[in-house]
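Remarks on the structure that follows.
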Amino acid sequence: MATIRIPTPLRPYTNGQSDLTVSGETVGQVLDSLVQQYPALRPHIFNENGELRPFVNLFIGEENINDLQGTTTPVKDGDRILLIPSIAGG
Amino acid sequence: MDVDLSRSLFGADVAVTPLRAVGGLETLVGNTPLIPLRRVTAHLPSTVQVLAKAEWFNPGGSIKDRPALNILRTALSQGKLHQGKRLLDSTSGNMGIAYATFGAALGIGVTLVVPANASPERIAILKALGAELILSDPSEGSDGAIRVARQMAAQQPERYFYANQYDNPANWQAHYCTTGPEIFQQTKGCVTHLVAGLGTSGTLIGAGRYLREISPNVQLIAVQPNSPFHGLEGLKHMPTAIRPAIFDESVLDQTLWVETEEAYRMARRLAQEEGLFVGISAAAAAVGALKVAEQLEGGTVVTIFPDAGYKYLSDKALWGI
């Protein structure tokens with residue numbers, strides 16, 4: 001089980017929760033579990049073809065998954081995954 | 001400080017201030033080119049033109065030179081910022097770069113709260129300019145940075161002048177005094193629509209107020225992300241964000257809600273079809289401007305391109321590289 005940190009703008013879709021424990025052996029599986037638990041998150045994270053939207057940044061610890069193996073990056077028990085928003089105005 | 005703001009704001013007579021060393025750089029702020037979009041507008045009738053204000057021509061590389069300089073000058077003239085005090089603000093990057101640029105030129109220390117997920121390019125530029133950086137929780141975004149800056153300002157009022165770009169009227173007044181008049185003059189008074197993205201909202205509120213006064217029928221149109229979770233760096237989704245005090249919705253005629261992917265596609269089109277290598281907020285503004293223009297039989301639509309694309313190069317998904 002990994003912990004995934006939900007950014008402020010997405011917390012309305014997770015009943016206000018900021019840290020969720022989700023199962024999965026890869027980042028992709030963790031995300032699938034997440035959107036099954038909270039279906040309202042799906043259109044914010046995935047496009048109509050089920051692909052990760054281009055601005056969705058995911059980190060395991062300090063590492064961007066794009067610098068690892070993308071959504072097939074393995075996830076270990078206790079890993080902390082960060083879902084990072086872009087930076088708004090100013 | 002003895003600064004006549006009404007005369008010297010961005011003008012050539014800054015030498016009247018005791019801070020003699022900054023005259024050159026300050027005089028380069030504003031008076032940016034207004035560039036017609038030609039190929040991405042090829043489907044429009046010849047009676048409709050779309051013009052983009054190329055704000056990366058400012059010395060600090062973005063539109064934020066205008067409000068940063070005015071906020072600094074206003075604080076100096078009011079005695080709120082003086083030797084030994086540091087300017088403090090939260091920023092997504094461009095405002096910080098502008099503060100750091102003019103802070104360096106004026107000899108004023110600059111402390112910035114920046115979300116830790118700011119692009120590496122921005123963080124590197126801020127460090128190169130000598131700014132002190134406080135990195136805030138990336139999950140909390142810009143609003144988290146605002147909260148940290150507020151707390152620091154409250155805890156150490158003797159150390160910091162809290163510039164507070166979101167609530168400081170000197171922000172929109174910069175655009176009222178410069179951006180608005182420039183647009184009116186460059187279009188020879190023909191501007192019919194102004195379309196701009198909302199970050200602090202200072203650009204559209206300030207330039208819009210000026211244009212509305214001088215040309216009451218001009219339409220003022222805001223561009224916002226269509227979702228609270230988006231990739232339009234620099235733009236705010238106002239319904240879910242800390243609302244800037246300077247944001248006066250009554251000034252606006254309309255808001256267009258833009259999807260991130262539309263703006264990404266437009267960023268690539270502007271680069272490859274117009275030779276305009278602009279940032280993501282500029283691309284979102286262009287999406288909005290084209291939507292407005294497509295509804296017109298005639299008109300002059302002006303939009304604002306806040307910065308160039310260089311600071312977004314590490315975002316490979318944006319450029320498809």
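The values are calculated or read from the model by the stated rules, or taken from the named source; none is laboratory data. No experiment lies behind these values; they were computed from the predicted model shown. Neighbour counts are summed over all protein chains in view; Cβ atoms, including those assigned to glycine, are modelled from backbone coordinates with ideal geometry. We work out accessible area using only protein heavy atoms, side chains counted, and drop any ligands, DNA or RNA first. Shrake-Rupley method; radii C 1.70, N 1.55, O 1.52, S 1.80 Å.
Tabulated values for the structure
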read-out	value
Gain upon complete extension [B:Lys316, B:Ala128; 0.36 nm per residue less C-alpha separation]	65.3 nm
Label-point gap, in nm, between A:Asn15 and B:Glu294 - each point 7 angstrom along Cα→Cβ	4.1
Relative contact order %, chain A, counting alpha carbon pairs below 8 Å whose residues are six or more apart	39
Acute angle (nearest 10 degrees) that the helix B:202-214 long axis makes with the longest principal axis of chain B, alpha-carbon atoms	60
For B:136-147, mean number of other protein chain Cβ atoms within 10 Å	5
Added length on full extension, which subtracts the Cα-Cα distance from 0.36 nm per residue, B:Asn217 to B:Glu261	12.6 nm
Threshold 30 Å², the stretch A:1-25 residues less accessible with all protein chains present than alone (1.4 Å probe)	A:Arg5, A:Thr8, A:Pro9
Count of Lys pairs (Cα-Cα under 19 Å; at least 8 positions apart or interchain) in the protein assembly as shown	9
Summed buried accessible area for B+A [probe radius 1.4 Å, Å², rounded to 100]	2200
Accessible area per residue in Å² at 1.4 Å probe, computed on the stretch A:2-85	50
Relative contact order computed over chain B (Cα-Cα under 8 Å; 6+ residues apart), in percent	20
Apportionment of accessible area to carbon and sulfur, the protein assembly as shown, percent (1.4 Å)	50
Directionally averaged projected area (convex hull, Cα atoms, the protein assembly as shown), nm²	19.9
Label point distance in nm, B:Glu273-A:Thr3, each placed 7 Å from Cα along Cα→Cβ	4.7
Shielding by other protein chains, A:39-45, mean Cβ within 10 Å	1
Helix-only mean residue ellipticity at 222 nm for the protein assembly as shown, each DSSP H run of n ≥ 4 adding -39500 (n - 2.57), per residue, nearest 500	-8500 deg cm²/dmol
Beta bridges per DSSP with both ends in chain B, % antiparallel, nearest 5	15
Between the stretch B:195-245 and the stretch B:39-65, the alpha-carbon center distance in angstrom	17
Inter-part distance where the stretch B:271-318 and the stretch B:68-146 are each reduced to a Cα centre, Å	26
